[in-house]
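The values are calculated or read from the model by the stated rules, or taken from the named source; none is laboratory data. Just so we're clear, the structure is a prediction, and the values are computed from it rather than from any experiment. Because the Cβ atoms are built from the backbone with ideal geometry, glycine has one as well, and the counts that use them run over all protein chains shown. What goes into the accessible areas is simple: the full protein's heavy atoms, side chains included, and nothing from ligands, DNA or RNA. Shrake-Rupley method; radii C 1.70, N 1.55, O 1.52, S 1.80 Å.
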Amino acid sequence: SSSVDVNLPINAGLAYSIRDIQLAYESELISWETARRSLIGRVEAEFYYLVASQTNIAIEGANLELAQKRYEQTRANFENGLSSELSMLQAEVSAANLEPAYLQTIADYDTRVREFLIVLGLDPETEIQLQGDLEQSVIPLSADTLIQNHLANRDDIRSLKTNLEILQNSKRLSAAST
């Protein structure tokens, strides 16, 4: 012989309790989406910073090379009596001043690459080659159109609406339970 016993407690607040769980889930989905978008934004910003840093390193390297060539030319001119010792020394100081800044830029870049790899969840010693450019096309935007089309989809607005609905549901649940 066998028997089955089913017990379903039904009260006035059951529907509101179920809705409360649904709203809590929706609220957490919004929080998750906000965190995901924030992470994507951080990764994109850091990527473009690194691409800009690569360009900056190339520019500073070219400046250093140019300053060293200028010094060599000024030194040759000094040795041939075509320029003063002061000009030669100024060119030497100029080249010498650019080298520490160049080396510091390279060190900062290497540090930022390691931090970027950590954000991506990779080993900081991983060798990577970043490819990208900073060229952006101009997109004409209208504030009124953006507000009309996208305001309701903002995570903070959705979160506030969900929180308001949670509070209203809690009020109904309390009223139904009493």
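Residues that are surrounded by 12 or more Cβ atoms within 10 Å (Cβ to Cβ), over 25 Å from the mean Cα position of the chain (by Cα) and among the aliphatic types (A, V, I, L, M) within the stretch 46-92 comprise Leu64, Leu66, Ala67, Ala76, Met88, Leu89, Ala91, listed in sequence order.
Residues of the stretch 95-148 that are in contact with a Ser or Thr (Cβ under 6 Å, 6 or more places away or on another chain) and of a type in the set (Phe, Trp, Tyr): Tyr109 alone.
Per-residue answers, yes or no, for (1) open to solvent by 100 Å² or more (accessible area, probe 1.4 Å); (2) of a type outside the set (A, V, I, L, M); (3) modelled with pLDDT under 80:
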site	(1), (2), (3)
Leu120	no, no, no
Pro124	no, yes, no
Ile128	no, no, no
Gln131	yes, yes, no
Leu134	no, no, yes
Pro140	yes, yes, no
Ala143	no, no, no
Ala152	no, no, yes
Asp155	no, yes, no
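Which pairs do you get when a residue that is under 18 Å from Tyr48 (Cβ atoms), found in the stretch 112-125, comes within reach of a residue that is assigned to a helix (DSSP H, G or I) and open to solvent by 80 Å² or more (accessible area, probe 1.4 Å), reach meaning Cβ atoms under 7 angstrom, with the pair 6+ apart or on two chains? Within 7 Å, the pairs are Arg112/Tyr49; Val119/Arg42.
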